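All remarks here apply to the structure that follows.
The values are calculated or read from the model by the stated rules, or taken from the named source; none is laboratory data. This is a predicted model, so every value here is computed, not measured. We place every Cβ from the backbone using ideal geometry, glycine too, and count neighbours over all the protein chains shown.
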Amino acid sequence: MKKIIIIGAGIAGLSTGCYGQMNGYATRIFELHDKPGGLCTSWKRKGYTFDGCIEWTIGSKTGSDVNRIFAELGAAQGRRFIHHEVCHRIEGSNGRTLSVYTNIDQLERHMKELSPADSAAIGELCNVGRRLTPFVDLVDPSGLFEQIKMTFGMLPFIGILLKYGKIPAEAFAARFSDPFLRRALTAFADVNGGTGIPVAGLMYAPAAMHIRNGGYPLGGSLEFAQAIERRYLDLGGEMHYRSRVEKILVEADPAGRGDRAVGVRLADGSEHRADVVISAADGHATIFDMLEGRYVSGKIRGYYEKLPTFASWIQVSLGVARDLSKEAPRVSFWLDLPVKIAGQKIDRIDFRHFCMDPAMAPPGKSAVVVTFDSDHAYWKTLSQDPERYEAEKKKIAAIVIGALECRLPGISGQIEAVDVSTPMTVERYTGNWQGSQEGWRITTDTIMLMGIGMEKTLPGLTNFYMAGQWVEPGGGVSAAALSARRVIRMLCKKDRKDFCSTLPSAKNITQI
Ligand SMILES: Cc1cc2nc3c(=O)[nH]c(=O)nc-3n(C[C@H](O)[C@H](O)[C@H](O)COP(=O)(O)OP(=O)(O)OC[C@H]3O[C@@H](n4cnc5c(N)ncnc54)[C@H](O)[C@@H]3O)c2cc1C
């Protein structure tokens with residue numbers, strides 16, 4: 001039986017382990033943290049659960065292709081996904097509000113009521129969402145026929161990308177004559193992908209939600225990851241926590257094709273051998289540290305030198321003795337007076353609550369999170385001085401609570417738990433490059449890469465693959481899972497065997 005070592009127990013690493021086991025490989029996962037999930041995580045404080053990840057995921061619709069993948073991974077069965085009616089409420093300072101209905105037809109009617117003069121632009125925007133719906137499910141074709149079918153089926157998608165992948169959302173927003181809609185759409189783009197996201201990227205989430213295939217998984221992100229971990233262990237996989245990989249061991253390939261990966265060396269100095277190594281850890285660390293930059297083409301180096309990544313972020317999590325279930329799951333509002341947070345001027349607060357999920361807070365209370373993109377370098381410098389670092393976190397929590405008071409009067413007296421994470425927290429727990437939250441950002445320059453994909457092997461190195469968000473532009477939990485399936489399929493092909501996948505037995509399913 002061929003042995004595989006997998007680096008990282010995020011969604012990609014866990015899924016790689018599951019598909020490896022299903023296909024007759026003996027897999028071991030080495031993970032630096034003491035729990036699974038990587039970025040897909042949540043944590044408990046004083047009876048509250050603070051979630052750091054999934055707001056929505058493709059694959060929430062029973063019977064969809066990605067849902068079938070989640071089912072193979074043991075994450076879909078027994079789990080309810082919540083499909084909101086309104087996913088985001090954007091409140092203008094003049095009392096005007098954009099409710100982002102997940103039904104695109106309803107959203108279109110609502111936006112046209114807000115600004116009849118912008119009907120043409122609103123119709124065009126909503127049409128992009130509707131036209132994207134057939135392409136929400138990221139399929140993994142199983143054979144040549146399926147591959148050809150998918151390639152032809154994707155042609156209209158390429159058409160949408162060629163037009164709306166080239167128009168930045170901000171530029172599209174500028175077409176609106178109504179200043180509030182202009183501002184609201186820019187805020188929506190900022191929250192859903194950041195600067196430079198093209199219209200086609202922006203309307204991807206609404207498209208998924210419109211067909212009820214972009215829901216929130218009850219139980220939260222860590223529970224979602226733990227379900228895949230349970231599946232992996234049931235399949236006979238071996239898990240090693242607190243096991244940081246420092247080097248990927250390589251030897252000259254006897255077939256004379258450069259080098260081959262033969263195992264890993266951990267931080268404790270121990271060496272572990274395998275026939276194949278798959279890194280589902282941070283891409284930059286894998287290529288430039290674990291492999292010392294020895295197997296890089298100009299193209300791959302170019303990715304890491306030039307492509308934009310999702311920023312890192314500060315997350316202020318609050319346990320609040322107050323029921324916020326009547327609020328939209330995400331609310332954005334502008335401050336009359338901007339505040340300064342980690343050196344940046346902030347004039348808008350975006351808060352989320354998780355009242356739809358009873359696992360997150362005691363009855364009648366709410367877990368609330370407020371996030372801001374933040375500069376990794378700022379925090380790196382600050383973390384050299386632990387006292388100043390801690391003081392800054394406290395200051396930020398106080399500013400955020402003060403800002404929330406404008407929208408939720410009385411909240412400062414209802415806070416029962418406070419937790420602040422920074423880019424350094426992300427880096428410490430996941431090893432992600434500059435604390436990035438989702439790998440490669442989708443912009444007008446990179447959106448085509450999302451369709452074409454990135455290489456999962458490195459030049460000059462055999463028996464080595466990469467899976468996860470650093471080889472799937474745009475990132476996300478569904479992309480991470482799909483990436484794992486693709487890598488094991490590549491391996492099966494190389495080993496001249498048919499790829500297979502199985503479903504877990506009913507007795508191994510936990511009801512959420
Ligand atoms: C705030 C936030 C919100 C998000 N919202 C959504 C959302 O709504 N929907 C969605 O689909 N996605 C969302 N994402 C993105 C999603 O979480 C990620 O794209 C996905 O989880 C990445 O999975 P991964 O396995 O590729 O990488 P990671 O989660 O980064 O996993 C890599 C793993 O490798 C481990 N590792 C790293 N280096 C080493 C080493 N040297 N040795 C051993 N182990 C190592 C890490 O500890 C980690 O466990 C969000 C992410 C964040 C942070």
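For the reader, a short list of remarks on this structure follows.
- Inter-residue pairs, beta-carbon under 8 Å, first without any contact (Cβ under 8 Å) to a residue 60 or more places away in the chain and more than 18 Å from residue 140 (Cα to Cα) and in the stretch 1-20, second more than 10 Å from the ligand (Cβ to nearest atom) and part of a loop (DSSP other than H, G, I, E, B), 6+ apart: 1/24; 1/25
Here is a yes/no grid of residues against (1) surrounded by fewer than 19 Cβ atoms within 10 Å (Cβ to Cβ); (2) of a type in the set (A, V, I, L, M); (3) at pLDDT 95 or above; (4) in a loop (DSSP other than H, G, I, E, B):
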{"position": "87", "(1), (2), (3), (4)": "no, no, yes, no"}
{"position": "94", "(1), (2), (3), (4)": "yes, no, no, yes"}
{"position": "110", "(1), (2), (3), (4)": "yes, no, yes, no"}
{"position": "127", "(1), (2), (3), (4)": "yes, no, yes, no"}
{"position": "130", "(1), (2), (3), (4)": "yes, no, yes, no"}
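- Summed over the stretch 297-321, the residues that are surrounded by fewer than 19 Cβ atoms within 10 Å (Cβ to Cβ) and away from the ligand (no atom under 16 Å from the Cβ) give a count of 9.
- Wholly within the stretch 342-445, helices (runs of 4 or more DSSP H) carrying at least 3 residues that are within 15 Å of the ligand (Cβ to nearest atom) and over 30 Å from residue 171 (Cα atoms): 423-430
- Some residue of the stretch 462-479 being over 20 Å from residue 431 (Cα atoms), buried (at least 22 other Cβ atoms within 10 Å of the Cβ) and either under 19 Å from the mean Cα position of the chain (by Cα) or within 13 Å of the ligand (Cβ to nearest atom) (or both): yes
- Residue selected from the stretch 185-216 under the condition over 21 Å from residue 441 (Cα atoms) and not aromatic (Phe, Trp, Tyr), by the criterion surrounded by the most Cβ atoms within 10 Å (Cβ to Cβ): 213
- Any hit, the stretch 229-245, residues being within 14 Å of the ligand (Cβ to nearest atom) and closer than 16 Å to residue 478 by Cα: yes
- Any chance residue 497 is at pLDDT 95 or above, over 29 Å from residue 306 (Cα atoms) and assigned to a loop (DSSP other than H, G, I, E, B): yes
- Every residue from the stretch 251-287 that is within 16 Å of the ligand (Cβ to nearest atom), outside any helix (DSSP H, G or I) and touching a Gly at 6+ places or on another chain (Cβ under 9 Å): 271, 272, 274, 277, 278, 279, 280, 281, 282
- Taking the stretch 1-71 as the region of interest, the strands (runs of 3 or more DSSP E) fully inside it that hold 3 or more residues being under 30 Å from residue 209 (Cβ atoms) and more than 6 Å from the ligand (Cβ to nearest atom) are 42-45, 48-51.
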